1. Filter the trypsin sites (Lys or Arg not before Pro) in the range 37-123 down to the DSSP loop ones having no more than 16 other Cβ atoms within 10 Å, then list what survives.
2. In the range 29-58, which residues have a backbone nitrogen under 18 Å from the label point lying 7 Å from Glu223's Cα in the Cα-to-Cβ direction?
3. Can you give the net charge of the other residues whose Cβ lies under 14 Å from the Cβ of Ile203, counting K and R as +1 and D and E as -1?
4. So what is the calculated 222 nm ellipticity per residue for the chain, using -39500 (n - 2.57) for each DSSP H run with n of 4 or more, over all residues, to the nearest 500 deg cm²/dmol?
5. Pro12: net charge of surrounding residues, Cβ under 13 Å, Lys/Arg +1, Asp/Glu -1, itself excluded?
6. Determine the shape class of the range 3-217: with a ≥ b ≥ c the square roots of the Cα gyration tensor eigenvalues, call it rounded for a/c under 1.5, and otherwise prolate if a/b is greater than b/c, oblate otherwise.
7. Skipping prolines and chain starts, which residues have an amide H placed within reach, meaning under 5 Å, of the one on Phe124, given they are 5 or more residues away or on another chain?
8. For Thr51 and Tyr137, calculate 0.36 nm times their separation in residues minus their Cα-Cα distance, and state this gained length in nm to one decimal.
Amino acid sequence: MPLSPFLDVDIPVTFKDQPGVQSAVLYTHIPLCNLECFQCHNKAAFDGQGTFLSYEKLLEKLDKLKLLGVELIIVSGGEPLLEKRLIEGVEFIKIEGFSVRIDTNGTLPDKVEQLTGEKVADGFALDIKIPIKNEYYEEEIIRFNEILFSKKEKNRKNVKFYAEEIKKSVKKIKEFAIANDFQYTILRTVKYPFLTEKDIGEIKKFAKETGIPFQLNPFYPVEA
């Protein structure tokens, strides 16, 4: 059988990622991401040796997850929306009776529009990593570049571009969430050490105005 878009790595089962729902996490290719977030846990834990699951092996794993009572499959990465085979992989999972949530950094609004329009997934988790504003002070640019592009070239255009793309993606996801009673759709922020309490307040205000449930997660340093 052909290969799926999901890595053959350990599959966490959790109630935490989607509060109150037993979920399991599948990963698209972890290095495939257009951001370089500060101390990314997924990239730090990935040794680069993982191969992709065949659909036959994926089916075996899904059957076992079903026996464990898993209701929701969460697709993480990397950035799943960069995976060319994402839709076929999600459709395969849904045929097996699972709901699917896709986690995204929100920088690909055209892909978000495609997925919401075609109703490929049942929900989205979108990460809001910095305050979303029209203008930023220079010291904010420096701090926010460290969060978004810790190992890449940094400039003020990158931060402003990120904010504009997030606005577009949130608009599409909000429309989708309203039509689906907000099931399996959340906005999330990691409390990075570069964020001030004022920053967190601005992010919370932005999230509240969308009406989408919001989750503030603690920052855990990557272990050396």
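1. Passing both the DSSP loop test and the Cβ count: Lys84, Arg85, Lys119.
2. Under cut-off, by backbone N: 39-48.
3. Neighbour charge sum, excluding Ile203 itself: +4.
4. Details: 7 runs with 86 residues, N = 224.
After summing the helix terms and dividing by the residues of the chain, the value is -12000 deg cm²/dmol.
5. Details: positive: Lys16, Lys61; negative: Asp10, Asp17, Asp103.
Overall, the nearby charge balance is -1.
6. Judged from the Cα gyration tensor, the range 3-217 comes out prolate (a/c at least 1.5, a/b above b/c).
7. Excluding prolines and chain starts, which carry no amide H, the hits are Ile102, Thr185, Ile186.
8. Numbers: separation 86, 0.36 × 86 = 30.96 nm, distance 4.32 nm.
Contour length minus the Cα-Cα distance gives 26.6 nm.
Read-outs: derived from the displayed coordinates by stated rules, not from any lab. Owing to the predicted nature of the structure, the values given are computational and were not obtained by experimental measurement. For neighbour counting, all protein chains shown are included, and Cβ atoms are generated from backbone atoms with ideal geometry for every residue, glycine included.
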